[in-house]
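Here the structure comes first, spelled out in structure tokens, and everything after it is commentary.
The values are calculated or read from the model by the stated rules, or taken from the named source; none is laboratory data. Fair warning: this is a prediction, and the values are worked out from it, not measured in the lab. Note: ideal-geometry Cβ built from the backbone for every residue, glycine included; neighbour counts use all protein chains shown. Protein only, heavy atoms only, side chains kept; ligands, DNA and RNA dropped before computing areas. Shrake-Rupley method; radii C 1.70, N 1.55, O 1.52, S 1.80 Å.
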Amino acid sequence: MEVVWAVGQVGAVWVAVVLGLIVLPSALGISLGISEAYMWVLVKTLEWATIRLQKGVKKPQPQVPQTPTANGIIERDETPMEKEIARLHRADFEFSHIFYFCRKGFEAIVEDEVTQRFSSEELLSWNLLTRTNVNFHYISLRLTVVWVIGVIVRYCFLLPLRFTLAAIGITSMIVGTTAVGQLPNGSVKNYLSEVVHLTCSRILVRALSGTIHYHNKENRPQKGGICVANHTSPIDAIILTNDGCYAMVGQVHGGLMGIIQRATVKACPHVWFERSEMKDRHLVTKRLREHVADKSKLPILIFPEGTCINNTSVMMFKKGSFEIGGTIYPVAIKYDPQFGDAFWNSSKYNIVSYLLRIMTSWAIVCNVWYLPPMVRKEDEDAVQFANRVRSAIARQGGLTELPWDGGLKRAKVKDTFKEEQQKNYSKMLVRNGSIG
């Protein structure tokens, strides 16, 4: 009985400290300086570790393979196919013409610029979390001791703290939105719904030790508009909701996620689709247009890539989001991988494993840029508009712009892509007089 009593007392003190020092300040939107102090200590520690690594690498290492990380494994020649083949200046086809395709094939096998966007971003320096480079071997006893201390802090202190905060945030979200959902539709219900969403999102951000820098807040999405952003992680929505409320768009889920969806939709006009409905593009477009047409409803939050990319690139935006009409509010999100890997490789980790990795990282640090609103031009189709918005997001976030479909994360290259390259090559042969 004494053991149970003691455990109960410790638990009560723990909850009281978490509620008083973290949850309550988060709900009020204020900071006691604890996060800032933690980040200062963390930055200084990582700087010291980097210096120790640099000193250790200067010492002779026995047969350590040097793998460049900054410029990739190979050097690519980005010369377009037409210019490359035009150099040959031949009137007839020759066997040497295939060398261009062979070289491109070897480059894709060694280091494919598409599929590598679906794996975690490589770090130039060890962040005391995961040794992402073969050059990071044993350096010194002090560095190893710091790493062991870091493991103890992350798993024995930060993980229980973050789990407690996440449980409080999720429970508050479910209870709060369910209660607000019982109120009649009106301004009071909308106001209370926004308060609940903002408060719970702030608690969940603290559960990730999130440090978020928002830029150009004057461009924040307005009601009746559509917010589009690059997609790295499921927590992108929490990052954005921490600074403003949105109507989410997505597929209906089961389990805990399904409970949250059913609770939040009672208080806020989120747009959840059944699996069968998601395949009906016309139905999806119709429901989104009806939402945008009501200027009193929250802006819709959409991730047009359709899948998570590893925080280095922006891939093809699906045109459906840009056929709805209305004003588009682009947002660029860029995470700092030094403090933790926010990318969710859904083909490798399930959501539980991913959340465990997130909650045992040092912190989630990111920058969010609100870009000026954009509207579709008269002479612009949906694809061109989507590409223009994607380019703006890529430039602002310092991300590489790729024309490939993010669906390649789970599917093979479509035959139409191969046929397009074959057609381009045949047109060049016809134009050069090699055929006909």
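All but one of (1) part of a loop (DSSP other than H, G, I, E, B); (2) touching a residue at least 40 places away in the same chain (Cβ under 8 Å); (3) out of contact with any strand residue (DSSP E or B) (no Cβ under 7 Å at 6 or more places or on another chain) hold for Val383, so report the exception by its number.
(1)
Here is a check on your reading of the model: is Pro221 without any contact (Cβ under 8 Å) to a residue 12 or more places away in the chain and assigned to a loop (DSSP other than H, G, I, E, B)?
Numbers: without any contact (Cβ under 8 Å) to a residue 12 or more places away in the chain: no; assigned to a loop (DSSP other than H, G, I, E, B): yes.
So Pro221 fails the test.
Look through Arg162, Arg202 and report the one residue that is basic (Lys, Arg), within 27 Å of Pro330 (Cβ to Cβ) and assigned to a helix (DSSP H, G or I).
Details: Arg162 fails: within 27 Å of Pro330 (Cβ to Cβ).
Being basic (Lys, Arg), within 27 Å of Pro330 (Cβ to Cβ) and assigned to a helix (DSSP H, G or I) holds for just one of Arg162, Arg202, which is Arg202.
Quick one: which helices (runs of 4 or more DSSP H) sit completely within segment 236-336 and have at least 2 residues that are more than 18 Å from the chain's Cα centre (by Cα), at pLDDT 80 or above and within 23 Å of Ile170 (Cα to Cα)? Break it down stepwise before answering.
On the way: elements: 236-241, 255-267, 275-278, 281-293.
Result: 255-267.
Are any of the residues in segment 347-362 out of contact with any helix residue (DSSP H, G or I) (no Cβ under 8 Å at 6 or more places or on another chain), in a loop (DSSP other than H, G, I, E, B), under 27 Å from Leu165 (Cβ atoms) and open to solvent by 40 Å² or more (accessible area, probe 1.4 Å)?
Yes: one or more hits.
When the residues of segment 221-234 are narrowed to those that are within 20 Å of the chain's Cα centre (by Cα) and open to solvent by 10 Å² or more (accessible area, probe 1.4 Å), which ends up modelled with the lowest pLDDT?
Step one: list which residues in segment 221-234 are within 20 Å of the chain's Cα centre (by Cα), which gives 221, 226-234.
Filter once more, so that each one left must be open to solvent by 10 Å² or more (accessible area, probe 1.4 Å): 221, 231, 234.
On the way: Pro221: 91, His231: 90, Pro234: 86.
For segment 221-234, the residue satisfying everything is Pro234.
Specify the residue that is nearest to the chain's Cα centre (by Cα); the eligible residues are those in segment 181-193 that are of a type in the set (S, T, N, Q), assigned to a helix (DSSP H, G or I) and surrounded by fewer than 21 Cβ atoms within 10 Å (Cβ to Cβ). Talk me through it step by step, then tell me what you get.
Start the filter on segment 181-193 by keeping residues that are of a type in the set (S, T, N, Q), which leaves 182, 185, 187, 190, 193.
Restricting the remaining residues to those that are assigned to a helix (DSSP H, G or I) gives 187, 190, 193.
Imposing the further condition that a residue be surrounded by fewer than 21 Cβ atoms within 10 Å (Cβ to Cβ) reduces the set to 187, 190.
Values: Ser187: 33, Asn190: 28 Å.
Filtering first and then ranking leaves Asn190.
Go through segment 194-219 and give me each residue that's touching a strand residue (DSSP E or B) at 6+ places or on another chain (Cβ under 9 Å), open to solvent by less than 40 Å² (accessible area, probe 1.4 Å) and among the polar types (S, T, N, Q).
Ser209, Thr211, Asn219
Modelled with pLDDT under 90, in contact with a Pro (Cβ under 8 Å, 6 or more places away or on another chain) and either loosely packed, with under 15 Cβ neighbours inside 10 Å or not charged (D, E, K, R) (or both), is that true of Val151? Spell out how you get there, then give the answer.
On the way: modelled with pLDDT under 90: yes; in contact with a Pro (Cβ under 8 Å, 6 or more places away or on another chain): no; either loosely packed, with under 15 Cβ neighbours inside 10 Å or not charged (D, E, K, R) (or both): yes.
No: the conditions fail for Val151.
Go through (1) basic (Lys, Arg); (2) open to solvent by 80 Å² or more (accessible area, probe 1.4 Å); (3) at pLDDT 90 or above one by one and return the number of the condition Arg390 breaks.
If we test Arg390 against (1) basic (Lys, Arg); (2) open to solvent by 80 Å² or more (accessible area, probe 1.4 Å); (3) at pLDDT 90 or above, just (2) comes out false.
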